[in-house]
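Data first, discussion second: the structure below is written as structure tokens.
Only the coordinates and a few stated rules stand behind these numbers; no lab work does. What you see is a predicted model; the values in this text were computed from it and never measured. Quick reminder, even Gly has a Cβ in these numbers, built from the backbone with ideal geometry, and neighbours come from all protein chains shown.
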Amino acid sequence: MGFALELDRKGKEMHEFTCGHQECDSRLISSDKDILMGQVADHLKVVHNVQTATRTILNYLETACVTSSPDW
């Protein structure tokens, strides 16, 4: 199960989360990294049944699965 969510792309730095789970092709995109990480926490709960996305888990996923690029 996967989903993609795109937020505004108004010449800002964009942040993209690509789920690293082998059976998940979800991508989340936002110009606000804090909003993106909130969406990642929601993704973990809804798609992967992780009831509590701890700061440790989110920090790891931000490092391993989030890329940032200027001005999409």
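Worth pointing out:
- Whole-Hz Karplus values for segment 42-56 come out as 4, 4, 4, 5, 6, 8, 10, 6, 8, 5, 10, 7, 6, 4, 4 Hz, taken residue by residue from phi with 6.51 cos²θ - 1.76 cosθ + 1.60 and θ = phi - 60°; glycine and proline positions read x.
- Take each peptide in 22-29, 34-41, 45-52, count the other Cβ atoms within 10 Å of every residue, and average; sorted highest first, the result is 34-41, 22-29, 45-52.
- Gyration tensor (Cα) of segment 4-67, equivalent ellipsoid semi-axes in angstrom: 19, 12, 11
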